[in-house]
1. At what distance in nm do the modelled label points of residue 349 and residue 185 sit from each other, each positioned 7 Å from its Cα along Cα→Cβ?
2. Divide, for the stretch 239-354, the radius of gyration over alpha carbons by 2.2 N^0.38 Å, where N is the residue count.
3. Relative to the longest principal Cα axis of the chain, at what angle does helix 286-296 sit, 0 to 90 degrees, rounded to 10?
4. Which order results if 176, 126 are arranged by neighbouring Cβ count within 10 Å, fewest first?
5. Between the helical axis of 194-216 and the dominant principal axis of the chain, each derived from Cα atoms, what acute angle in degrees is found, rounded to the nearest 10?
6. Compute the long axis of helix 251-267 from its Cα atoms, compare it with the longest principal axis of the Cα atoms of the chain, and write down the angle in degrees, 0 to 90, nearest 10.
7. Calculate the translational D of the stretch 100-147 in whole µm² s⁻¹ from Stokes-Einstein, where the hydrodynamic radius comes from the Kirkwood formula applied to all Cα pairs, the temperature is 37 °C and the viscosity 0.692 mPa s.
8. Evaluate E = 1/(1 + (r/R0)^6) for residue 85 and residue 48, where r is the Cβ-Cβ distance and R0 equals 25 Å; express this FRET efficiency to the nearest 0.05.
């Protein structure tokens with residue numbers, strides 16, 4: 001983990017309901033760095049989340065490396081489908097899962113934070129939420145309502161949050177959201193308009209960075225993180241193949257390839273295949289050079305020799321490039337550059353949950 005000191009900073013992480021998703025991991029990393037953390041949780045999941053904390057069911061996940069436990073300064077109800085409480089239909093406002101939660105809208109969250117912490121209480125906003133009610137439906141079968149809900153909750157909610165929370169942020173603050181490569185590639189199984197929502201989120205991020213940066217002096221970014229067997233990932237499919245593009249002249253490849261071999265040996269019995277693809281230029285002695293390279297580096301996996309077709313098919317422009325593919329052959333995770341020890345550990349943890 002990067003050495004960073006966030007002592008005296010406060011972060012809002014919107015979209016935590018358990019200890020299994022990106023939001024929780026981000027909150028924990030922020031706390032490790034010394035930041036105070038407040039959370040926005042979907043009202044129907046709030047009772048369960050509070051019960052998990054109260055009964056110690058996620059205490060192991062809450063343990064901090066520096067000692068102590070991840071504690072939340074506040075846990076607010078938040079349904080990012082609604083800008084204001086007046087936007088919410090009465091049947092939802094008065095339902096059992098909502099009616100005791102007060103103002104759970106985005107405006108309600110902003111008002112509550114100002115009440116609890118003052119006029120400028122925020123340094124960091126993390127948008128870690130999305131909802132595609134028809135995510136398992138192909139786009140061709142997605143209804144207008146399902147599509148618009150995916151766009152509204154997964155993309156426009158960031159716009160609405162910054163409209164209301166950016167005025168509460170101190171200069172130099174930062175907002176970040178989570179995207180996914182389905183914004184630019186076809187990923188079967190990630191339907192219901194969610195790929196369009198992620199594309200909209202990325203486009204909005206560029207505009208918000210321009211506008212909010214000038215108006216409020218904050219930064220706005222979005223990141224596409226590595227693989228995680230989260231609830232959202234369940235719509236995509238299981239990880240089935242690891243593909244590693246490399247070359248004998250590539251120094252970072254020498255770091256990554258032993259780690260890739262170790263992962264392959266560990267996860268092949270559980271159904272994961274490794275496709276190691278050499279991208280060296282064609283030459284009469286190419287196969288002999290590859291064999292010598294493998295022997296020199298203690299590598300024992302089978303290698304496919306690329307004539308340029310595979311690299312072009314996967315748009316590989318830098319080495320090493322490692323990918324995870326689902327059972328349909330679609331890319332669900334990609335890493336460019338040397339696979340470090342910490343990244344190997346994170347990838348192994350994800351594979352443990354997915355295979």
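1. Going by the 7 Å Cα→Cβ label model, 2.3 nm.
2. On the way: Rg = 13.6 Å, N = 116, 2.2 N^0.38 = 13.4 Å.
Taking N as the residue count of the stretch 239-354, the ratio is 1.01.
3. With rounding to tens, the tilt is 70 degrees.
4. Lowest count first: 176, 126.
5. 60 degrees
6. The two axes meet at around 80 degrees.
7. Details: Rh = 13.9 Å.
Calculated translational D: 236 µm²/s.
8. Numbers: r = 23 Å, r/R0 = 0.91.
E between residue 85 and residue 48, to the nearest 0.05, is 0.65.
Rule-based calculations on the coordinates, nothing more; no lab input. Just so you know, these numbers come straight off a predicted model, no measurement behind them. Heads up, the Cβs are rebuilt from the backbone with ideal geometry, glycines too, and the neighbour counts pull from every protein chain shown.
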